[in-house]
Protein chains: 2
Amino acid sequence: MKTSQLLLATTRETPADAEVISHQLMIRSGMIRRLAGGLYTWLPLGVRVLRNIEQIIREEMNRAGAQEVLMPVVQPAELWEESGRWQQYGPELLRIKDRHQRDFCLGPTHEEVITDMVRKEIRSYKQLPANYYQIQTKFRDEIRPRFGVMRSREFIMKDAYSFHLNRECLEQTYQVMYDTYHRIFERIGLDYRAVQADTGSIGGDGSHEFHVLADSGEDAIAFSTASDFAANIELAEALAPTGPRPLPSQALTEVATPNIHSIEDVCQFLSVQANQTLKTLLVLGANEDNPVIALVLRGDHEVNDIKVEKHPLVASPMTFASAEQIKQVCGCDAGSIGPVGLTIPMLVDRAAAHCADFVCGANKTGFHLTGVNWNRDVQPGLVTDIRNVVEGDPSPDGKGEIQIKRGIEVGHIFQLGDKYSKALNANVLNEHSRAQILEMGCYGIGVTRVIAAAIEQNHDDKGIIWPDAIAPFQVCIVPMQMHKSPRVAKAVEQLYDSLQKQGVSVLLDDRNERPGVMFNDMELIGIPHRIVIGERGLDQQQIEYKHRRDTEPQNIAEAEFMSFLMAQLNK
Amino acid sequence: MKTSQLLLATTRETPADAEVISHQLMIRSGMIRRLAGGLYTWLPLGVRVLRNIEQIIREEMNRAGAQEVLMPVVQPAELWEESGRWQQYGPELLRIKDRHQRDFCLGPTHEEVITDMVRKEIRSYKQLPANYYQIQTKFRDEIRPRFGVMRSREFIMKDAYSFHLNRECLEQTYQVMYDTYHRIFERIGLDYRAVQADTGSIGGDGSHEFHVLADSGEDAIAFSTASDFAANIELAEALAPTGPRPLPSQALTEVATPNIHSIEDVCQFLSVQANQTLKTLLVLGANEDNPVIALVLRGDHEVNDIKVEKHPLVASPMTFASAEQIKQVCGCDAGSIGPVGLTIPMLVDRAAAHCADFVCGANKTGFHLTGVNWNRDVQPGLVTDIRNVVEGDPSPDGKGEIQIKRGIEVGHIFQLGDKYSKALNANVLNEHSRAQILEMGCYGIGVTRVIAAAIEQNHDDKGIIWPDAIAPFQVCIVPMQMHKSPRVAKAVEQLYDSLQKQGVSVLLDDRNERPGVMFNDMELIGIPHRIVIGERGLDQQQIEYKHRRDTEPQNIAEAEFMSFLMAQLNK
């Protein structure tokens, strides 16, 4: 394509609401435009990237034996009532009424619709396993849409749903999808990781997230320095410290700590390290027998909600006790709670249970205890893992240490089990002609989100740097003075034609602009391979080439240029 | 693909709500399933057809220099208020509120959004002309969705919008789109016609509809027997009869016609032909000076609303006068109105104005006049074309006669002019650096509708007969006793592999079913080329081939089969 035929809507202005670099660059490069909050129009340059990604996903899903379907954006309320989600789902589910005042929603996901389809169409175990996918527009009415297409309201997802007679078969297809996702993100050309994940509100057992690594990522991921262990920090297990707990060496002492509330204050006031202090948090219990539960952690550790919520004693979602409840249970303010003398159930983090001679609140406003020791001064109660891992922790698989990186979630695969198939009574006849509820898996990729994540990972101060496979154009040709030199114009057109004939996706910048303007635009929109043709090069029978990541261009002999370029493209 | 890996959801049952054959066959072949009124899930077989059509459209639109964009399904009310359509558009526009109670709609069309994009991005005439298209889900809240995807609520359209500095440039792009649409429907393989059309409520001047010819079509199209003239019957001009009007030969006579109301009754009672009678209809006028207008047509002709509405004297939409208004103006019931003695303005159809010695109402309940003649008994008033053409009328281009066929509208191209660009103030700087409002064209194809139309045109009592270009599979292989004969299995797998390697889209029916079941399914789903492989054929080194339209299969020598099949596919 030629730039004269393309809406090249590059701009130097960065919109005020664009907080992240991908959002800024997608606007500045003319890939998207905001129509309303969380709604974006994809301009021609953006659509080209979108279609490249869709094509890779489609090819790999087909190769994996998944079948493409297409389900409506608008879904009837009845199905969501059957699954119970019409009530459960928050205001992100945009509920609408049609002209006959019947209830519908804009689909944020399609579990109900596909399960309804399958319960009607699949009758026998012989038709299983089956895996259906679609690439479809979704809508989630985010309260605060932001980061451009990273968290928009309308977005495109590839969602797939598999159906099985038993768990074993589900696990096999799950593995196939796990491998397929690797192939997809590999082909797209991203630095990504598959990480163990929590299944969240969607339910079920096994789950992995696929994260594109980027410093700006919303999620923290725990990796091992010595193995391929990777898990969302929400899920990574914090092992108990090795070796025996140190023996007590200090006497239990009560010290006045007036107006000292935070761990930081305590450390400064008493001249101790945070890892010598314990903090105690009170949360609501799961039932009335134990309405309040204490969580005890080391002062330098963070509580992990998800781990806490999984404990049967604790109410889910995790909810902190009110100041009034704290007063009632501990007789003090929140800043002075401690384990000593507490009569409510305590969950003590493994690292906290390993401390000796520690500092903690005295359950008396304005007082702390020092030289506290487990067993001698207080029983440790229920020791378990309730904290986030931190860098330097041992890896849960026993190999190496934890390091933490930021990631952007672009894919998520789940073993749903029978959550939806049970609710919608989706069953088939098994080998013994008995009705059996289906096992189900689901597999999502945020197609539009992948684009933002690719930019977060691949950019510099000049603009985007596309991986070849998803670039809107693989190659750009920037002519020098094409409008003045018929010789340059001829050479450029010849090269353009022959690249097109070879199936290379090429953009010829045929605008009558200064070279600087053209270079800047081509760098901003991120075309990976740049070719410059001008009088001087032609005189020397040379063509200039520069990869978007190169600092300097190189001159290639004209005769060898085509094979040189093809080698670059096939790298 | 193998049927064992495909959701082949064929069924013998025809759903009660499926009135038309395409709807019945799309359900029976397992292409679509109803989710709710006017909402359909596309099953794997249907998606394959959809993607084939999208691919053809995309290739041809790109070739024509149009650029692909993607606009949101959900659109903000503000833009529709700017164009005036938030109020004008009926309840087909599904208006919704988001969680913040802000107004949005589900887009039935995207004129506002694209015009808003263009007014922001295009500043200079140098960036023109530009043509943007998308293939996107649309929603129209039909009061009574029916005919499956032919008139569904959620559907897929290719819509394109072009922008120009002047009318001449618009006309050029319009012509390019006209030609492109021909290529698209040609490639899809349909018997279609481009016909002159009314621009309807969307406004503007030039317009063509593209119709797939089928007896079940909703629209009537007037063709010439001797030229390529084709127009929607709404728009085809009815020429004045040639030659002079016959001279009066009868005297004006009033006859009692008690309880005679319809033209049919009059003809029978008075023993005259319908073409010797005139009927008079009263409609509301455009302004208070002439609140009621009379329309006079020959008894055998039908009034054409669109032609009438275009007349400046008549209110639009055309509205019949009430019985009370008729009484007031004519002093009689509706069945006895006639032109003689009327004092309101009269639009007399050209054919009616050519009659002599005719019969008409007497403006006196229960009486008619016979032997009426223009000029002698009544002045003909405003003679114009206000009727539908009928078969046998002269073609408006002067060549041949009109014949009428039924069609299904699958595409529509418009010269919109400045309707939207003016409302949204979309202008660019022209050569003289003056702001100039853009001229605009728009071009739609009902992608999902094309599929239904293709089936309406191509089916028999066994099922669908796909044109090759859009068939879900071009070829099917039906093995005889593959599960018992390793020899057949081997031959079948070999052929299947080699067809796939040649890029042929092939379905291998590897089910352990009786041949009759497989034949019926392959015919129902409409695969154009069928190959049968069995022991008997292998003994004779022959392979059986049958095109879906053939009545008998033919046996082809194994050695020649591949080249024979390729020749069939390239036909």
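The values are calculated or read from the model by the stated rules, or taken from the named source; none is laboratory data. This is a predicted model, so every value here is computed, not measured. A quick note on method: Cβ atoms are made from the backbone with ideal geometry, for glycine too, and the neighbour counts reach across all protein chains shown. Surface accessibility is based on the protein's heavy atoms, side chains included, excluding ligands, DNA and RNA. Shrake-Rupley method; radii C 1.70, N 1.55, O 1.52, S 1.80 Å.
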Residue check, B:Gly417 against (1) at positive phi; (2) surrounded by fewer than 20 Cβ atoms within 10 Å (Cβ to Cβ), all met but one. Which one?
(2)
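Picking from A:Leu438, A:Leu429, which residue would you name as being open to solvent by 10 Å² or more (accessible area, probe 1.4 Å) and touching a helix residue (DSSP H, G or I) at 6+ places or on another chain (Cβ under 7 Å)? Give the steps one after another, and end with the answer.
Details: A:Leu438 fails: open to solvent by 10 Å² or more (accessible area, probe 1.4 Å).
Just one listed residue meets the conditions, A:Leu429.
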Filter the range B:12-34 down to the residues that are farther than 24 Å from B:Lys138 by Cβ and at pLDDT 95 or above, then identify the one that is farthest from the other protein chains (Cβ to nearest Cβ).
B:Ile21
Among all residue pairs at least 6 apart or on different chains, which show Cβ distances below 6 Å where the first residue, located in the range B:502-530, is of a type in the set (Phe, Trp, Tyr) and the second is at pLDDT below 95 and open to solvent by less than 20 Å² (accessible area, probe 1.4 Å)?
none
Please enumerate the residues belonging to the range A:2-30 that are open to solvent by 50 Å² or more (accessible area, probe 1.4 Å) and either touching a residue at least 12 places away in the same chain (Cβ under 8 Å) or among the β-branched types (Val, Ile, Thr) (or both).
A:Ser4, A:Arg12, A:Glu13, A:Thr14, A:Asp17, A:Glu19, A:Ile21
Please work out if A:Asp228 is closer than 30 Å to A:Glu19 by Cα and not aromatic (Phe, Trp, Tyr).
no
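A quick yes/no check of all residues on (1) within 14 Å of chain A (Cβ to nearest Cβ); (2) acidic (Asp, Glu); (3) more than 24 Å from B:Lys138 (Cα to Cα):
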residue	(1), (2), (3)
B:Met150	no, no, no
B:Phe163	yes, no, no
B:Asn166	no, no, yes
B:Thr173	yes, no, yes
B:Thr180	no, no, no
B:Phe185	no, no, no
B:Ile188	no, no, no
B:Asp191	no, yes, yes
B:Val195	no, no, yes
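Would a scan of the range A:118-134 turn up a residue that is hydrophobic (A, V, I, L, M, F, W, C), more than 10 Å from chain B (Cβ to nearest Cβ) and touching a His at 6+ places or on another chain (Cβ under 8 Å)?
In the first step, residues of the range A:118-134 are kept if they are hydrophobic (A, V, I, L, M, F, W, C); the result is A:118, A:122, A:128, A:130.
So of that shortlist, the ones also more than 10 Å from chain B (Cβ to nearest Cβ) come out as A:128.
Now narrow it down to the ones that are touching a His at 6+ places or on another chain (Cβ under 8 Å): A:128.
There is at least one residue in the range A:118-134 that is hydrophobic (A, V, I, L, M, F, W, C), more than 10 Å from chain B (Cβ to nearest Cβ) and touching a His at 6+ places or on another chain (Cβ under 8 Å).
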Regarding A:Glu309, is this residue free of Cβ contacts under 8 Å to residues at least 24 places away in the same chain and closer than 25 Å to A:Arg350 by Cβ?
yes
The one condition A:Leu239 fails out of (1) open to solvent by 40 Å² or more (accessible area, probe 1.4 Å); (2) in the same structural domain as A:Ser336 (by the TED database); (3) touching a residue at least 24 places away in the same chain (Cβ under 8 Å) is (2)
Of the residues in the range B:463-514, how many are part of a strand (DSSP E or B) and on the phi > 0 side of the Ramachandran plot?
1
Taking first residues from the range A:284-305 that are farther than 26 Å from A:Cys355 by Cα and second residues anywhere that are open to solvent by 50 Å² or more (accessible area, probe 1.4 Å) and not aliphatic (A, V, I, L, M), the pairs with Cβ under 9 Å that are 6 or more apart or on different chains are A:Ala286/A:Pro312; A:Ala286/A:Ser316; A:Pro291/A:Gln325
Is at least one residue of the range B:257-270 open to solvent by less than 30 Å² (accessible area, probe 1.4 Å), of a type in the set (A, V, I, L, M) and in a loop (DSSP other than H, G, I, E, B)?
yes
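Out of the residues in the range B:250-264 meeting the condition of being out of contact with any strand residue (DSSP E or B) (no Cβ under 8 Å at 6 or more places or on another chain) and in contact (Cβ under 8 Å) with a residue 12 or more places away in the chain, tell me which one is farthest from B:Val195 (Cα to Cα). Spell out the reasoning first.
Restricting attention to the range B:250-264, the residues satisfying the condition of being out of contact with any strand residue (DSSP E or B) (no Cβ under 8 Å at 6 or more places or on another chain) are B:258-259, B:261-262, B:264.
Keeping just the survivors that are in contact (Cβ under 8 Å) with a residue 12 or more places away in the chain gives B:258-259, B:261-262.
Numbers: B:Pro258: 45, B:Asn259: 43, B:His261: 37, B:Ser262: 34 Å.
So the residue we want is B:Pro258.
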Quick one: in the range A:156-169, which of the residues that are under 14 Å from A:Tyr443 (Cα atoms) and out of contact with any Ser or Thr (no Cβ under 7 Å at 6 or more places or on another chain) is most open to solvent (accessible area, probe 1.4 Å)?
A:Met157
Could you check, for the range A:1-10, whether at least one of its residues is within 27 Å of A:Arg144 (Cα to Cα) and within 12 Å of chain B (Cβ to nearest Cβ)?
yes
Within the range A:35-55, residues being open to solvent by 10 Å² or more (accessible area, probe 1.4 Å), within 21 Å of the chain's Cα centre (by Cα) and more than 8 Å from chain B (Cβ to nearest Cβ) number 2
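Out of B:Leu508, B:Leu495, B:Leu538, I need the residue that is closer than 27 Å to B:Ala9 by Cα, crowded, with 16+ Cβ neighbours inside 10 Å and touching a helix residue (DSSP H, G or I) at 6+ places or on another chain (Cβ under 7 Å). Which one?
Numbers: B:Leu495 fails: touching a helix residue (DSSP H, G or I) at 6+ places or on another chain (Cβ under 7 Å); B:Leu538 fails: closer than 27 Å to B:Ala9 by Cα.
Just a single option satisfies the conditions, and that option is B:Leu508.
Can you tell which of A:Val383, A:Val372 is open to solvent by 70 Å² or more (accessible area, probe 1.4 Å) and hydrophobic (A, V, I, L, M, F, W, C)?
On the way: A:Val372 fails: open to solvent by 70 Å² or more (accessible area, probe 1.4 Å).
Testing whether each residue is open to solvent by 70 Å² or more (accessible area, probe 1.4 Å) and hydrophobic (A, V, I, L, M, F, W, C) leaves just A:Val383.
Can we say A:Thr253 is over 21 Å from A:Gly381 (Cα atoms) and at pLDDT 95 or above?
On the way: over 21 Å from A:Gly381 (Cα atoms): yes; at pLDDT 95 or above: yes.
Yes.
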Go through (1) over 13 Å from A:His412 (Cα atoms); (2) assigned by the TED database to the domain that holds A:Glu19 for A:Ala197 and report which single condition fails.
(1)
Just need a number here: residues in the range B:316-342 that are farther than 27 Å from B:Pro246 by Cβ and open to solvent by 20 Å² or more (accessible area, probe 1.4 Å).
15
Could you please give the count of residues in the range B:193-212 that are modelled with pLDDT under 95 and out of contact with any Ser or Thr (no Cβ under 9 Å at 6 or more places or on another chain)?
8
